[in-house]
Every structure is written in C-alpha cells, then in structure tokens.
Amino acid sequence: MNVLSWSYCFPNAHQPTWGVFVEQRLAALNRKVDLQVVAPTPYFPLLTRLHGRSLPHRENWHGLTVHRPRFFYIPAICKSLDGWFYGRGLTAWLKQFRQQWRPDVLDAHFVWPDGVGVAYLARKLKLPYIITLRGKIYPCLEIPSQRRQCAQALIGAAAVISVSSPMADEARKLGVPDERLFVIPNGVDLRHFAPRNKMDARRQLGLPLDKPLIVAVAHLKAAKGHGELIRALQQLDNDVHLVIVGGEVVSGYRRELERLSLTLGVLQRVILADRQAYDKIPLYLNAADVSVLASYREGCPNVVLESLACGTPVVATRVGAVEDLMAVPRDGQIVPPRDAEALAAAIKQVFSATKRADYHVAAGAVKSWDAVAEQVQMVFNNTLQRPITC
C-alpha cells in the first residue's frame, strides 16, 4: 500500500519539534506501509525574500521521505482561502509526482488547511483520502466559511480518524456517518517516557529535592491555563513549588505570569523553565509529584499520556481526549477549565493519595506508536476495499 501523508505541521530544520506527534505516528506507520510525506510550504514572494529561509524540496527526515513543495498564499488576510490555495497550488506538483510514485490513498493530518486542500486534490485526481481530526478543528468551527469547507471535506473523506471522542462528536454534527468515523488517540514513545527515580530527575534538573512539586508542560499562552494554575498554587501549602516548562508564544506573557505570581505572593515558588529539549521532558515529568494540564481547549494532549507513561499522576481539565485517556481516581483528577479552586482541590487530593501510598497510575490508555499505527493501518485497509466517493 502506498500512502501519501500531508501535514503543514511537520518538523524542519528551523522548527525541529514542530508537529512531533505527527512525525511519530508517521514513523511508526512507515514501518508497516510504503509511505511518503508532503509538508507543503506557504509561499508569498516578498516575505520569502525578507526571511531568507529555504527548505529542501525533498529530504530524508529521520528515515521519512519528505517533500516540501511550495504553494502561494496571502499572509494575514483572506485566511478562509488557505485550503483552496493549498489544493489549487499543489495540483500540478501532485500530477507530476504521480508519474514517479503512485499513492493509493491521501492521508491529511489536520482538517485545516491539509484536509480541505487534500479533498480538493483527491477530487481532481480521483483518489480516496483520509483526514485526521486534531485540535485545529475547534477554531475552524467558529468561522462559518471555514466550517462549511471543513464539513464538505470531512463528508467526502473515505474515513475520518479523530484523536478524541469529543472531536468525533463534532464530525458527526457536520454529517460524517459513524461507519467512516474512528477514534484513535495518540501514542507515546515508551522507550523515552518511562518511570525513573524522582530524586535523580530532580538533581539532574536542579529542582528542589524536599518540596512537593507540580509540573506543567505547555507553551506560555493564556489558553494553556497557567494563570489559573498560579492562582491554584496560592491556595496550596507554602512549601509546594510549581515548574512551568514551555516557550513563550505570545510576547510579554512570561512577564505577565511573573507579575501575577508576585501579586499573589508565590513568586518564589514558581519556576518558569522556558522551552526545553524533547529529551528533557521525561525528566521533568518524573521529577513531579503531579503533572497538571490546565488548558481551555485541546485535541489529544500528549503530555497527559507522557505523564502517565512516566508513572506520574495527572490533574487535567475536561478538554479534548482527556476523559478518553484518564481513569479517575486511578490516574488522577479531571476538573472544569478556567477554575482555579477546582484545580487546587484536585491537586490537594492527589497529594493526599500519594502520601497515603495508595495511589496507582496504571496508564491503561497509554499505547505505543506502533500499536496506534496498527489501528491506522486497519483503517487504510478498510478504506481501500470501498469504492471512491470523492
């Protein structure tokens, strides 16, 4: 089976951790099928010259064959046309590519712009296509023109894979029938994320050895709920420390968190660790007494799976796939988003259970990427047995 996977969110030399979860699923699937990747590069002449950045048109990225064709788009405005620009701009490239390597199925890793663009390409070339739903669908649902385009692309897909049950429900509302809808959460690199000695991890990271420790791994932006988490910290015992691991997405947000911590009197208990190398994330999760995800919205938050794989309990907001991934109270606690008091209460509950030594993380939802790839391959096999409807 020849699979041509499409993802604008894919690692490159300038952003090596961009879309790492997409890369991991593709790497596992590549061991089961003949697969190549298309990572389209948006192109606008003036901006390209200003930035002076160029990526190879074809490269081997960690064992994956990756093509990076360019397509014209207009930055900042007319964003509801991005899917159309994507499909229209890559039609000639795909027709030429098929003369060398003929895909059996097109595999889009986001509904926007990949899914909408790939649906356009599939109709032109009469190929079946599959779309994976991730958190990107939520902002699209709020824009009527994008919602209509996403609905059309999803309804025409041979199959839709959702990384969470709530997103699968959104696809149903848009008209996708159950027989073409599959829920397959993300996997985890279980060689990388595994239990380690807590004190050794803290020593390696220079973190307090004798303090209860909360760790949150998430980009620095308001939607990740860091403000609520700092307010929750104020309600906890004075020896509890919070480590936030993540780079700044919105300029000035780090300073905003520092001001909030100072105002609430917890500045000395908050450690803003900035962006960290991927290899260090397991150390932070193993160093924690509890891992917290306080986001307002998610698709399938891998940090929950990664924390459970490390044997660290989780307090998470009720977003995305969280209820698919966690069993309460075995794996931790689930709370409403934007609720600092509920966060504080749940963290106290996890701390108490840990002290009583009756806490156990079974990580029942944690699967390897190879196990996930087997499920995805089954979807592909079923797809190719049905007639093309696009």
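Would you work out the charge dipole size for segment 198-355 about its Cα centre, treating the Cβ of every Lys and Arg as +1 and the Cβ of every Asp and Glu as -1, and quote it to the nearest 20 debye? Numbers along the way, then the final one.
Numbers: 19 positive and 18 negative charges, 49 e Å.
Here the size comes out at about 240 debye.
How would ARG172, ARG25, ARG275 line up from fewest to most surrounding beta-carbon atoms within 10 angstrom?
Neighbour counts put them in this order, fewest first: ARG275, ARG172, ARG25.
If the reach is capped at under 21 angstrom between alpha carbons, list the lysines near LYS79, excluding any in the same chain fewer than eight residues apart.
LYS136
Express in nm, to one decimal, how much length is gained between GLN385 and ASP34 on full extension, taking 0.36 nm for each residue of separation and deducting their alpha carbon distance. Mind dumping the intermediate values first?
Numbers: separation 351, 0.36 × 351 = 126.36 nm, distance 1.76 nm.
Stretched out fully, the GLN385 to ASP34 stretch lengthens by 124.6 nm.
Fewest first, what order do ARG259, ARG202, ARG297 take by the number of other Cβ atoms within 10 Å?
By the 10 Å Cβ count, ascending, the order reads ARG259, ARG297, ARG202.
Using Cα pairs under 8 angstrom and six or more residues apart, how large is the relative contact order of segment 198-355, in percent?
Contact order relative to length: 25 percent.
Based on DSSP, what percent of beta bridges with both residues in the chain are antiparallel, to the nearest 5?
Roughly 10 percent of the beta bridges in the chain run antiparallel, per DSSP.
I need the trypsin sites (Lys or Arg not before Pro) found in segment 326-356, filtered to DSSP loop residues with at most 11 other beta carbons within 10 Å of theirs.
When the trypsin sites (Lys or Arg not before Pro) of segment 326-356 are filtered for loop state and at most 11 Cβ neighbours within 10 Å, ARG356 remain.
Which of the aspartates and glutamates could be linked to LYS126 by a straight reach, that is with a Cα gap under 13 Å, when you skip same-chain ones fewer than 8 residues away?
ASP104
Counting just the Cα atoms, what span does the chain cover along each of its three principal axes? Round to the nearest Å and put the largest first.
Principal-axis extents of the Cα atoms in the chain, largest first: 65, 46, 39 Å.
To the nearest 500 deg cm²/dmol, what mean residue ellipticity at 222 nm is calculated for the chain from DSSP H runs of n ≥ 4 alone, each contributing -39,500 (n - 2.57), summed and divided by the residues? Each step should come with its number before you reach the end.
Working: 15 runs with 152 residues, N = 390.
Rounded to the nearest 500, the figure is -11500 deg cm²/dmol.
Note down the magnitude of the dipole of the chain about its Cα centre, charges +1 on Lys and Arg C-beta and -1 on Asp and Glu C-beta and zero elsewhere, to the nearest 20 debye.
On the way: 47 positive and 34 negative charges, 237 e Å.
Charge dipole of the chain: 1140 debye, to the nearest 20.
For the pair ASN2 and LEU55, how long in nm is the line joining their label points, each one 7 Å along Cα→Cβ?
If labels sit at ASN2 and LEU55, their model points lie 2.3 nm apart.
Which whole-number percentage describes the relative contact order of the chain, with Cα contacts under 8 Å and a sequence gap of 6 or more?
16 percent
For a Förster distance of 41 Å, can you work out the FRET efficiency between the beta-carbons of ASP200 and THR263, rounded to the nearest 0.05?
0.70
Compute the signed sum of charges (Lys and Arg +1, Asp and Glu -1) over the other residues within less than 11 Å, Cβ to Cβ, of ASP107. Don't jump to the answer; show the numbers that get you there.
Numbers: positive: ARG25; negative: ASP104, ASP114.
Around ASP107, the charge tally is -1.
In whole angstrom, note down how far apart the Cα centers of segment 1-17 and segment 228-290 are.
What the calculation gives is 31 Å, centre to centre.
State which entries of LYS211/LYS280; LYS221/LYS280; LYS32/LYS280 exceed 24 angstrom in Cα-Cα distance in the structure shown.
Values: LYS211/LYS280 20 Å; LYS221/LYS280 21 Å; LYS32/LYS280 29 Å.
Over 24 Å apart, Cα to Cα: LYS32/LYS280.
When ASP239, ASP107 are ordered from fewest to most other Cβ atoms inside 10 Å of their Cβ, what list results?
If I rank by nearby Cβ atoms, fewest first, I get ASP239, ASP107.
As I understand it, the dipole of the chain uses +1 on the Cβ of Lys and Arg and -1 on the Cβ of Asp and Glu, about the Cα centre. Which of GLY299, TYR43, THR132 lies farthest toward its positive end?
TYR43
Give the relative contact order (percent, whole number) for segment 12-169; include only Cα pairs under 8 Å separated by 6+ residues.
Contact order relative to length: 16 percent.
Check every DSSP H run in the chain and write down those whose alpha carbon atoms cover 20 angstrom or more along the long axis and whose mean Kyte-Doolittle hydropathy is 0.0 or greater.
TM-like helix candidates: 340-355, 369-384.
Taking chymotrypsin sites (Phe, Trp or Tyr not before Pro) as exposed when DSSP calls them loop (any state but H, G, I, E, B) and at most 15 other Cβ atoms lie within 10 Å, what is the longest stretch of the chain free of them, the sites themselves excluded?
Here the longest segment lacking exposed loop sites spans 102-295.
Which one, VAL176, VAL20, VAL322, has the greatest fluctuation when you compute a Gaussian network model over the chain with C-alpha springs under 10 angstrom?
Result: VAL20 has the largest fluctuation of those listed.
Laboratory data are not the source of any read-out in this text; all were calculated from the coordinates shown. In this text, all values refer to a predicted model and were calculated from it rather than measured experimentally. All Cβ positions, glycine included, derive from the backbone under ideal geometry; neighbour counts span all protein chains shown.
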